[in-house]
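Below is one structure; the comments refer to it alone.
Derivation of every value follows stated rules applied to the coordinates shown; laboratory data play no part. In this text, all values refer to a predicted model and were calculated from it rather than measured experimentally. Here the Cβ positions follow ideal geometry from the backbone for every residue, glycine too, while neighbour counts run over all protein chains shown.
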Amino acid sequence: MKPNRYDYLVQQMRGTLSEVIESETDLLAWTKKYRLINGLPPELPPSQVAMYNDLSPEVVVMKGTQIFISEYLVNLSLWALDTKFGSRGNILYTMPTQLQMDDFAQSRIDKAIEDSTYLRRRFEKAFLAKQVNRTRLKRIGGSSLHLRGSDSLKQLISVDADIVINDEVDWFTEDTVAWSKERLGSAKQPLFRAVSKPTYPGYGIHLMYQNSDQRHWQIKCEHCDRWQVLDWEQNIVFDIDSETSSAYNIQCLCVHCKQILNRLSANGEWVADFPGRQVHGYHLSRLISPLANLKKMAEDSLNITDIPKIQSFYNSGLGLAYAPKGGHLSESELRFSSEYSFEPATSGYGGVDVGLKLHACVIQYTEDGLVVCQAEEFDDFSELDIWFKRNNLRLVVIDARGDPRATLEWTSKYPGCVYRWSHIENMNDVRYSEDTQEVKLNRTVLLDTMYSKIRDGQLVFPITIRQVPGFISHMRALVRELVKDQRLNRLIPRYVGAAADHYAFALAYSVLAAAHDNTSPPPRLTGRGDLVSAGQRSGMSTSSWTGSGSPRGWRVR
Ligand SMILES: [Zn+2]
């Protein structure tokens, strides 16, 4: 049908009208009016108001967790859909996997719609008009919200978007960001938003933030009127109870006048390190979130040798990229004791590395923690039978790969006592299976656990262990590095080493075995006073603090 002048006029009027509607309902006003969270209008942290008002083409957000950024992204999506942003109102929302995206669509987006009378009506109308409203595609009056995993994006080659949202971009496959940006090619007012918890320095969102104008949230102290960016080490002060390792008296203090500082103060502003750069970058630490559990963060911050914990403290807590130091273990990091010598264990835990030789370690719980009692090399499995009996072994973990057949045969002689270990890439929690006598765990986690215990002084070595040929060099052979996983296309931590490392694995297996048996008494921490203030380093056993260049996050009070 040929359009006549009347149709043209109506179209013009509609266009003008929608422009008026758009300008009246900016994202912030729309959110306050139409979004209800738990039945109440949302209360935004002061730091996020500016983000809601920022409609510049490219915004990247490097963030900790529990800071309401998901809400921001949900609001942005629904607002754009509802108001036909950029005259089409097409949004492409992407998460690392379709599984995550579907879950998010149901738990966050569908919930947001259900919770709001206005949105429910809008979608009901769309539903009545027979517009699809499935998990992966939501439509209102010709506008579409596509919800896709980066693993299933390529099916959307024909999508023209006005807004592209990349959520948890550090876990995306590599070309996803560039590909999804191309979908903005025909947009009148293209908006690109990338958000993630950071992982490693110079990678993913951290790299994007580095290239942005790098905004920091500054707040003003109400006592001395001076401005500051909240910093864990500068502003947060606490004590710890050395017995329980719990933190108390946690306070946020002004870095200048040392009086109490309200970390949630509305008296704040974003300040860019590089004003004028095209990409706007926001860094959001959990310190500026009302949900922050400072006590838990303080306790995690002290776990300087527990690599996964400290990684999570920086990434999820502070929203900062972090790479744990992965250099060779130095001999001085081993806690030697002359009180112990090599002798058979009375109740031991064993680990066996299977190669040309069999390398075996035995450890045992004592008042000083786990002590290494044996480190030996054998030629065949029959010697392991004698070793097993001599050390009264409660549990043994053995490498499944070295000589699979002989290992299986030997293992089957000790049901419930010997387990074969295999590496599983994505398995960060230990999994035992009784019937097959197997234990599965990621190799990096296996070694992290042992090296953490060593650096933490929880493993004690008899001085005479220096005389065991190869022992120290095996322990030092492995270096923790970030390597590119070709399949996942991202950086992952991995131990690499060219030299022989048999005893390192044998000891790691015995540590795994000891951890499984929870009938044993827990290791007792030594060298710590009954109650020490956080700042009093002298009260700590020095070995517990190896690896920290400077006191982290705590101050002498
Ligand atoms: Zn002050």
### Query
Summing +1 for each Lys or Arg and -1 for each Asp or Glu, what net charge is found among the other residues whose Cβ lies under 13 Å from the Cβ of Gln210?
0
### Message
What do you get for the angle between helix 5-24 and the principal long axis of the chain? Use alpha-carbon atoms, 0 to 90 degrees, nearest ten.
### Response
50
### Summary
Sorted by number, the cysteines in the chain with no other cysteine beta-carbon under 4.7 Å are Cys252, Cys361, Cys373, Cys417
### Task
Kindly list the residues of segment 37-80 that lie in the label zone of Asn262, defined by a backbone N under 12 Å from the point 7 Å along the Cα-to-C-beta vector.
46
### Residue (of Ser452, Ser422, Leu441) at the positive-pole extreme of segment 380-453, dipole from beta-carbon charges
Ser452
### Query
Which number comes out as Rg/Rh for segment 331-516 once both Rg and the Kirkwood Rh are worked out on C-alpha atoms?
0.95
## Note on the structure
Amide H neighbours of Arg490 at under 5 Å, excluding residues fewer than 5 places away on the same chain, with H built from the backbone geometry, are Asp485
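Where does the chain land at 222 nm, in deg cm²/dmol rounded to the nearest 500, when only DSSP H runs of n ≥ 4 count, each adding -39500 (n - 2.57), divided by all residues?
Numbers: 17 runs with 159 residues, N = 557.
It lands at -8000 deg cm²/dmol.
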#### Entry: Cα long-axis angle, helix 381-390 against the chain (0 to 90 degrees, to the nearest 10)
80
### Query
Between segment 51-77 and segment 247-290, what's the alpha-carbon centroid distance in Å?
17
### Task
Determine the percent antiparallel among the DSSP beta bridges restricted to the chain, to the nearest 5.
50
### Task
Take the alpha carbon atoms of segment 366-408, find their center, do the same for segment 148-206, and report the distance between the two centers in whole angstrom.
50
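For Gln234 and Arg121 in one chain, what is 0.36 nm times their gap in residues minus the Cα-Cα distance, to one decimal in nm? If you can, show how the numbers build up before the last one.
On the way: separation 113, 0.36 × 113 = 40.68 nm, distance 4.93 nm.
Additional length available on full extension: 35.7 nm.
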### Label-point separation, Asn428 to Lys33 (7 Å along Cα→Cβ), nm
4.2
### Query
Where Rh is the Kirkwood radius over the Cα pairs of segment 21-210, the temperature 25 °C and the viscosity 0.890 mPa s, what D in µm²/s does Stokes-Einstein return?
147
### Query
Given R₀ = 56 Å, FRET efficiency for Ser56-Glu331 by Cβ-Cβ distance, to 0.05?
0.55
## Note on the structure
Expressed in nanometres to one decimal, the distance between label points 7 Å along Cα→Cβ at Glu43 and Val483 is 5.0
### Message
List the aspartates and glutamates whose Cα sits under 12 Å from the Cα of Lys440, skipping any in the same chain fewer than 8 residues away.
### Response
Asp399, Glu425, Asp429
#### Entry: segment 18-113: GluC sites (Glu not before Pro) falling in loop per DSSP and having at most 10 other Cβ within 10 Å
Glu43
### Query
So what's the angle, to the nearest 10 degrees on a 0 to 90 scale, between helix 69-82 and the longest Cα principal axis of the chain?
30
### Task
In whole Hz, with x marking every Gly and Pro, tabulate ³J(HN,Hα) for segment 404-411 from phi via Karplus 6.51 cos²θ - 1.76 cosθ + 1.60, θ = phi - 60°.
x, 5, 5, 5, 4, 4, 5, 4
### Task
DSSP loop (so not H, G, I, E, B), at most 14 other Cβ within 10 Å: list which trypsin sites (Lys or Arg not before Pro) in segment 417-495 pass both filters.
Arg487
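Give me the number: length gained by fully extending Thr244 to Asp225, i.e. 0.36 nm times residue separation minus the C-alpha to C-alpha distance, one decimal in nm.
Details: separation 19, 0.36 × 19 = 6.84 nm, distance 3.80 nm.
Extra length available between Thr244 and Asp225 comes to 3.0 nm.
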#### Entry: Alpha-carbon gyration tensor eigenvalues x 5, square-rooted, for the chain, Å
54, 30, 19
### Message
Please list, by residue number, everything in segment 168-201 whose backbone N is under 20 Å from a paramagnetic label point 7 Å out along Cα→Cβ of Asp26.
### Response
189-193
